[in-house]
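Worksheet: one structure, shown below.
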Amino acid sequence: MTKTLPGRFIVFEGGEGSGKSTQAGMLASRLRAQGREVTVAREPGTTPLGERIRSTVLDKAELDVPARSELFLMLAARAAFVDQIVRPALRRGEVVISDRFEMSTFAYQGAGRGLPLEEVRSINAFATGGCRPDLTLLLDVDPGEGVRRQGRQGKSPDRLEAEAADFHERVRAGYRALAAEDPAAVIIPADPPAADVHRMICEAVEAILAETFASSRVMDSRPD
């Protein structure tokens, strides 16, 4: 379990266009400015295996991937991610900030694809070896607004992003239900400007990981 390791594991979750990558980078910059060692990662990805799986599962929009196959591919990437990236960094006492982790699987393959959630949880636990985030930050945004944001950025949708609107509504509902039952998760509204979202994130990190991040040093919420 990550609790026995000296580092801290923070995960950003949310639907498409919620600003996870932006906010993960902003938090990493804040912590590095305060002298913390930070590893920023994405999931699936970061490891060679994870990036290969990412290009297969997400980038190949024309590929027909059955729901269970999609699940096992994601979890194969996750097992490598935990073993090769997360645990070593936590042992070194670093802060690991990841764009997505297990809650994405519960929301997308569970709520979105309709796979039995308890079975998904069980298989995921085997893949992670019990490694769980110290804090999950769910950036909540209306799926339609997320699509509009990506359009303004000129981003072409990947295979999951291109799913129908009702799929993304199920994913959002799944995310919100999962976060509501997880004491280590905080729902952050992603509609305000990025600086305001960053401020709320800093407050959440301070509240849940107060023993790690002293408010007088790290959680000065003014943007860099």
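Quick notes
- Take the Cα of residue 33, step 7 Å toward its Cβ, do the same at residue 60, and the gap between the two points is 4.3 nm.
- All other residues whose Cβ lies under 13 angstrom from that of residue 165 are scored, Lys and Arg at +1 and Asp and Glu at -1, for a net of -4.
- Selected from 157, 66, 189 as most flexible by GNM, with the chain as the system and alpha-carbon contacts under 10 Å: 66
- Segment 2-208 gives an Rg/Rh value of 0.93, both radii derived from C-alpha positions and Rh following Kirkwood.
- Taking amide hydrogens as placed 1.01 Å from N in the peptide plane, the amide H of residue 136 sits under 5 Å from those of 11, 185, 186, each at least 5 positions away in sequence or on another chain.
- Burial ranking of peptide ranges 142-149, 115-122 (average Cβ count within 10 Å, highest at the top): 142-149, 115-122
- Counting neighbouring Cβ atoms within 10 Å and putting the fewest first, the residues 63, 209 line up as 63, 209.
- For residue 40, residues with placed amide H under 5 Å, excluding near neighbours: 97
- Order of 53, 123 - criterion: other Cβ atoms within 10 Å of each residue's Cβ, fewest first: 123, 53
- If you plug the beta carbon distance of residue 206 and residue 164 into 1/(1 + (r/R0)^6) with R0 = 41 Å, you get a FRET efficiency near 0.60.
Any read-out appearing in this document is the output of simple, stated calculations on the displayed coordinates, not a laboratory observation. Since the structure is predicted, the reported quantities are computational estimates derived from the model, not experimental observations. Note that each Cβ is placed from the backbone with ideal geometry, even for glycine, and that neighbours are counted across all protein chains shown.
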